[in-house]
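Before any comments, here is the structure.
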Amino acid sequence: MSSSLSSIQFGIDEKAARVVQKHPRLTAMLPAEVDELVTGFLGAKALAAAVSDLPVESVDLTDEVDASLRAGEVPDAAELVDRYATAKRKADELRAVRAELAALPVRFVSDIVRMINEEVRVMPDVLAEELDELLDRAAEVVAQLDGIDSAEAAVDAEKAAEWRQLKTLAAEYADLRQAQVALARLENPLNLTPGSVGLALIMFGGIERVVPDLARRLTSQVRNAITGEAITALPFPLFDLGSPLHLLAVARSRAVLEPHVVHPSEIAERLAAVHAAAELPGVQPTRTSSDQLGGEHEAVQVLSRRARNATIATPKVSQPWG
């Protein structure tokens, strides 16, 4: 898909088109026909501008006849009418062509918006496939970084190259998640604010097992006495999508976290359940037993321990969509 999509200024109500235009990953998913429509739009816009620059010939009969009559000359009536009628007809036709061509770019944009709206429906499915493929690639790198949770440790273990690969994959992962969130907010912006429960649920199918009291932790009002920032005790940097630590945690506990790409409507029941559990007075979060998760409980403990240790030594990474 050509980057020429950026040459179009979509209207405020054309939200899906503006979201896709902003994210190259999503733009690349559009069919070739959209690129053809963009080319047509650019041509129509140039043609309309060229026709608009053509001069409109005008004939001022009053001044011309007045001057002739003062000089004792009487213009030929037939010739005068023919010349005036021809000039007026050409002027009217030029104005009509201008109006017709001015509407042509708008029609191209309408067709582009319609096609984008159709494609947006299936884009989450494409992102889901891309996420699985990316995590498969990350698993190979993470396996080589077994027990390593920082760039310093990677250098000490002579695995700096692997850590650089992880950072590259983390940037790709963040880009994919940003595109996912942007699409999801088209459907439900209210429940997908930065750092929200809904945001966590659309990214992970098993986050409640890792953080049973998710809503309480994400709405914690406890603040750091020095910095004043809210303290949210999470087992890994959940919303720091571009951080290698986030990708490390996801890859190491993929079976528990169940990273996915879903529509907001698919997490409605989970969202209600998480908030309902947080509102029950006197109810402590249920601990996930190893019997319930098979061997996954140990993985969650390792995930929590590694993330806590890594977070202490790692500066905060801002959210990609803050």
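Structural remarks
- What the Cβ-Cβ distance of Q144 and E258 gives, at R0 = 22 Å and to the nearest 0.05, is a FRET efficiency of 0.40.
- Cross-link pairs K45/K90; K15/K167; K45/K88 - those with Cα-Cα distance over 24 Å: K15/K167; K45/K88
- Of the GluC sites (Glu not before Pro) found in region 36-91, those that fall in a DSSP loop while having at most 13 other beta-carbon atoms within 10 Å are E57, E73.
- Segment E279-R70, extension gain: residue separation times 0.36 nm, minus the distance between their alpha carbons: 65.6 nm
- Compared with the direct C-alpha span, the chain from L186 to M115 gains 24.0 nm at full extension, assuming 0.36 nm per residue.
Just so you know, all these numbers are worked out from the coordinates, no wet-lab data involved. The model shown is predicted, which means the values in this text are computed figures rather than measured ones. Methodologically, a virtual Cβ is constructed for each residue, glycine included, from the backbone with ideal geometry; neighbour enumeration extends over all protein chains shown.
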